[in-house]
Amino acid sequence: MDLIRRHTPTREEMAANKYLAPIAHRFLSPELWRFTRRSVPRGVALGLFAAFIIPVGQIFLAAFLALPARANVPLSALATFITNPFTLPFWLVVANKVGNFTLRLDAAGPQLAQATAESGLWSSALAFVEMAGATAFGFAVLAVVAPSIGYLVASWVWRVVVARKRAKRLKIMEARLDQRLGAQ
């Protein structure tokens, strides 16, 4: 968490952004910048949703969605980086596989391709449209599934982190109490 807090922009930096200037006053609300057990999973889920649903402007979409959802703005913006220019080819392949699996285009593909090849009409264009449609549908499926998984994982990680901090605090308090009782 400390690593995330060090590298996230401050409220003032976000408010000074020229694209966010018209609604910057809304981003200054302290509840949008707190790391709480409810705002952290919401921020992760909204960031993953924005990452998979549109290819451009994901950070702004995640930040705008975080406002009414009372989600953590820095985490929602950070979660969008799962789809960056370096990982996009991987996600395109995954989205295509997911789209083909859910639409079951692989089974109908050979017959359709053969019929198109025999007619000779628009074979490459039809193949591209099929592939692009399956990939777009795969991204839509990922935009629903990934936030759900992200929400559950973020909730679980939050509970583990808080439990460890509490156990550490209790151990320190117990050691201090033992010191005081031993000194008497």
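Could you look through region 134-160, keep only residues that are open to solvent by less than 50 Å² (accessible area, probe 1.4 Å) and of a type in the set (Val, Ile, Thr), and pick out the one that is nearest to Pro41 (Cα to Cα)? By that ranking, first place goes to Val160. Each residue in region 163-184 was checked for being open to solvent by 70 Å² or more (accessible area, probe 1.4 Å) and modelled with pLDDT under 90, and 8 of them qualify.
Please tell me if Arg6 is part of a helix (DSSP H, G or I), out of contact with any helix residue (DSSP H, G or I) (no Cβ under 9 Å at 6 or more places or on another chain) and surrounded by fewer than 20 Cβ atoms within 10 Å (Cβ to Cβ). Step through it out loud before you land on a result.
Working: part of a helix (DSSP H, G or I): yes; out of contact with any helix residue (DSSP H, G or I) (no Cβ under 9 Å at 6 or more places or on another chain): yes; surrounded by fewer than 20 Cβ atoms within 10 Å (Cβ to Cβ): yes.
Here the answer is yes, as Arg6 does meet what is asked.
Among the criteria (1) open to solvent by 30 Å² or more (accessible area, probe 1.4 Å); (2) within 30 Å of Glu31 (Cα to Cα); (3) modelled with pLDDT under 90; (4) under 16 Å from the mean Cα position of the chain (by Cα), the one Pro68 does not fulfil is (4). Scanning region 29-52 for residues that are under 10 Å from Leu75 (Cβ atoms) and out of contact with any helix residue (DSSP H, G or I) (no Cβ under 6 Å at 6 or more places or on another chain) yields Phe35, Ser39. Of the conditions (1) modelled with pLDDT under 85; (2) not in a helix (DSSP H, G or I), Ser124 satisfies every one except a single condition; which number is it? Among (1) modelled with pLDDT under 85; (2) not in a helix (DSSP H, G or I), the lone unmet condition for Ser124 is (2).
When Tyr19 is tested against the conditions (1) open to solvent by less than 80 Å² (accessible area, probe 1.4 Å); (2) more than 17 Å from the chain's Cα centre (by Cα), the lone failure is (1). A Cβ distance below 6 Å, combined with a sequence gap of six or more or placement on separate chains, defines the contacts here; from region 152-176, residues that are touching a residue at least 24 places away in the same chain (Cβ under 8 Å) and under 23 Å from Leu75 (Cβ atoms) reach residues that are open to solvent by less than 60 Å² (accessible area, probe 1.4 Å) and part of a helix (DSSP H, G or I) in the pairs Ala154/Val40; Ala154/Pro41; Ala154/Val44; Ser155/Pro41; Trp158/Val40. Restricted to region 25-65, and to residues there that are of a type in the set (Phe, Trp, Tyr) and surrounded by fewer than 22 Cβ atoms within 10 Å (Cβ to Cβ), the residue that is farthest from Thr87 (Cα to Cα) is Phe27.
The values are calculated or read from the model by the stated rules, or taken from the named source; none is laboratory data. Given the structure is predicted, the values throughout are model-derived calculations rather than measurements. Cβ atoms come from the backbone with ideal geometry, glycine included; neighbour counts cover every protein chain shown. When the accessible area is computed, the model is the full protein with side chains, heavy atoms only, and any ligands, DNA or RNA have been set aside. Shrake-Rupley method; radii C 1.70, N 1.55, O 1.52, S 1.80 Å.
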